[in-house]
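Participant: To start, I am sharing the structure in question, which I have written as structure tokens.
The values are calculated or read from the model by the stated rules, or taken from the named source; none is laboratory data. Keep in mind that this is a model prediction, so the values were computed, not measured. Here the Cβ positions follow ideal geometry from the backbone for every residue, glycine too, while neighbour counts run over all protein chains shown. Side chains included, ligands, DNA and RNA excluded: accessible areas come from the protein's heavy atoms. Shrake-Rupley method; radii C 1.70, N 1.55, O 1.52, S 1.80 Å.
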Amino acid sequence: MKDSKEITLFIDTYNSNHSDAVLMVADYLSNNQNSSAEIIVSEKNQLNLKIMNNNVEGYLDLDFDLNSNTNDELKNFFIGLIYQARERLGSDFPKTNIEKDIENSLHSISFYSEVSETKIISKNIKEIVFKGDFTKLETQNGDDFLFVIVPLDKNKTNLDRDYSMENYRKQISDEIKITAGAYYTIRNFREDEIKMWFVLHSHSGNLGNWAEKAKTGDQAILWGPRSMFSPSKKFSHLILIADETGIPAMKVISENNKNFSKCTTFYEVIDESCQIPTKGENNILENWIYREGDEPGEGEKLLDSLKVYELPKNDFYIFGAGEARQMMKIRKFFKNEGVAKEQMHITGYWKK
Ligand SMILES: Cc1cc2nc3c(=O)[nH]c(=O)nc-3n(C[C@H](O)[C@H](O)[C@H](O)COP(=O)(O)OP(=O)(O)OC[C@H]3O[C@@H](n4cnc5c(N)ncnc54)[C@H](O)[C@@H]3O)c2cc1C
């Protein structure tokens, strides 16, 4: 199978975090209303949907051969199915989260900004303050994130004030690119200022490298916002899990969200210097797990600490973000513990 690890990750993410879209595609293809649906891979590496209807199990062949297609082709194929399903089902099926996200991104705005200040927060986190006119930016006060676009070589490229996401997308397939981009969470926000926390990872990463050298006057385009944290109902206990990339999101959610009475966090960080205090008055219990000799995204210490944690009996919601395969393992663990898909959203923020 081509891209087998990537494809496993894609299927697991869809089954867990986009199960509403998988069900809509199943209803469309079977011309029936099913109670659940799951993407599976057959022994011959064909893509199938396993459906449940009135407690009867069924299978739909999606006519997609994983032996000869890449992960990107799979992504496009599935998005195509979602569009076809919507066209056929119209308002008979509620809008799925992925459709809401696509719709929201159509309203996203590109903001020109310049770095006004930087500060070292911990051994591997640098706060970057962006100045600009953000009056049109509307946030949910949760895990709102923006796509940060920066010049690859600031000595050669001066970003136009109206450089946009469209310009960025157009140059992606060019042999020589002039900008790079990645998602970052808004830690603090005012009409003329945005603060973000960048993880300085020692790998050669475009945004990581940019952040390491970032100084006053450096240009960036910020595009968005989008968000993922959207539990379907109120709950009393919120459980947050993250590595350093997810800390800004988890901090904003735990400090501002009024929908829970208790919050327990699990943060995997490089060492004690990352133990960043939480603001606000919510009832938050923070667990800090130090990576010590482990490489980011590779260790088992975070998962081990979740294994010994006693989950609340009910009425809880889990939100997690970090390295994609590490998060997949954590998702699998909670699934085996009986946590329902609707009760958790655990997502990959970066890939090893
Ligand atoms: C919704 C969302 C919100 C996010 N919010 C934040 C945030 O607030 N702060 C933040 O720092 N990141 C955040 N991230 C993660 C960030 O977008 C990724 O880490 C991104 O890959 C960084 O881009 P890059 O150009 O530095 O590296 P890439 O070019 O993507 O990757 C280059 C190399 O660096 C490695 N790498 C990338 N990120 C890391 C890392 N964190 N640790 C170790 N190795 C890494 C990759 O495995 C690869 O080998 C968020 C991601 C998402 C999807």
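Participant: Please give the calculated 222 nm ellipticity per residue for the chain, where each DSSP H segment of at least 4 residues contributes -39500 (n - 2.57) and the sum is spread over every residue; nearest 500 deg cm²/dmol?
Facilitator: Rounded to the nearest 500, the figure is -8500 deg cm²/dmol.
Participant: Starting from 0.36 nm per residue, how many nanometres of slack lie between GLU212 and ASN76 once their C-alpha separation is accounted for?
Facilitator: 45.5 nm
Participant: Now, a different point. Tell me, in nm to one decimal, what length is gained between GLU255 and LEU152 on full extension, where the rule is 0.36 nm per residue of separation less the Cα-Cα distance?
Facilitator: 33.6 nm
Participant: Next up: Holding the Cα-Cα limit at 21 Å, pick out from LYS136/LYS233; LYS44/LYS341; LYS258/LYS335; LYS100/LYS195; LYS119/LYS195; LYS258/LYS279 the pairs that are longer than that.
Facilitator: LYS136/LYS233; LYS44/LYS341; LYS258/LYS335; LYS100/LYS195, as the Cα separations exceed 21 Å there.
Participant: Within 10 Å, at most 15 other Cβ atoms, and a DSSP state outside H, G, I, E, B define an exposed site. Report the longest part of the chain free of exposed GluC sites (Glu not before Pro).
Facilitator: My reading of the result: 44-137 is the longest stretch.
Participant: Between GLU117 and ASP101, 0.36 nm times their residue separation minus their Cα-Cα distance comes to what?
Facilitator: Extending this stretch completely gives an extra 2.6 nm.
Participant: Shifting gears a bit: Quick one: which residues, 5 or more positions from PHE64 or on another chain, have an amide H under 5 Å from its amide H? H modelled 1.01 Å from N in the peptide plane, none for Pro or chain starts.
Facilitator: When sequence neighbours closer than 5 places are left aside, the close amide H contacts are LEU47.
Participant: Can you work out the Karplus-derived ³J(HN,Hα) for every residue in segment 165-179? Use 6.51 cos²θ - 1.76 cosθ + 1.60 with θ = phi - 60°, whole Hz, and x for glycine or proline.
Facilitator: Ordered by residue, 3J(HN,Hα) equals 4, 4, 4, 4, 4, 4, 8, 4, 8, 5, 5, 10, 9, 10, 10 Hz.
Participant: Output ³J(HN,Hα) for segment 232-248: one whole-Hz value per residue in order, computed from phi by the Karplus curve 6.51 cos²θ - 1.76 cosθ + 1.60 with θ = phi - 60°, and x for Gly and Pro.
Facilitator: Along segment 232-248, the couplings run 6, 8, 6, 8, 9, 10, 9, 10, 10, 10, 6, 9, 4, 5, x, 4, x Hz.
Participant: Give me the accessible area per residue for the chain, probe 1.4 Å, as a whole number in Å².
Facilitator: 52 Å²
Participant: Pop out the ³J(HN,Hα) list for segment 97-103 in order, Karplus 6.51 cos²θ - 1.76 cosθ + 1.60 with θ = phi - 60°, rounded to Hz; leave Gly and Pro as x.
Facilitator: Here the 3J(HN,Hα) series is 4, 5, 5, 4, 5, 4, 4 Hz.
Participant: Please list, ordered by chain and number, the residues whose modelled amide H lies under 5 Å from the amide H of THR179; skip anything fewer than 5 residues away on the same chain.
Facilitator: Residues meeting the criterion, in which the H sits 1.01 Å from N, are LEU152.
Participant: Mind giving me the nanometre distance, one decimal, between the label points for SER91 and ASP174, set 7 Å out from Cα along Cα→Cβ?
Facilitator: Computed distance between label sites SER91 and ASP174 equals 4.4 nm.
Participant: Sticking with this one: Report the antiparallel proportion of the DSSP beta bridges in the chain as a percent, rounded to a multiple of 5.
Facilitator: Of those bridges, close to 65 percent are antiparallel.
Participant: If you fit an axis through the alpha-carbon atoms of helix 71-89 and take the longest principal axis of the Cα set of the chain, what angle between them do you get, 0 to 90°, nearest 10?
Facilitator: For 71-89 against the chain, the angle is about 60 degrees.
Participant: Counting only protein heavy atoms and a 1.4 Å probe, tell me what percentage of the chain's accessible area is made up of carbon and sulfur.
Facilitator: Reported share for carbon and sulfur atoms: 46 percent.
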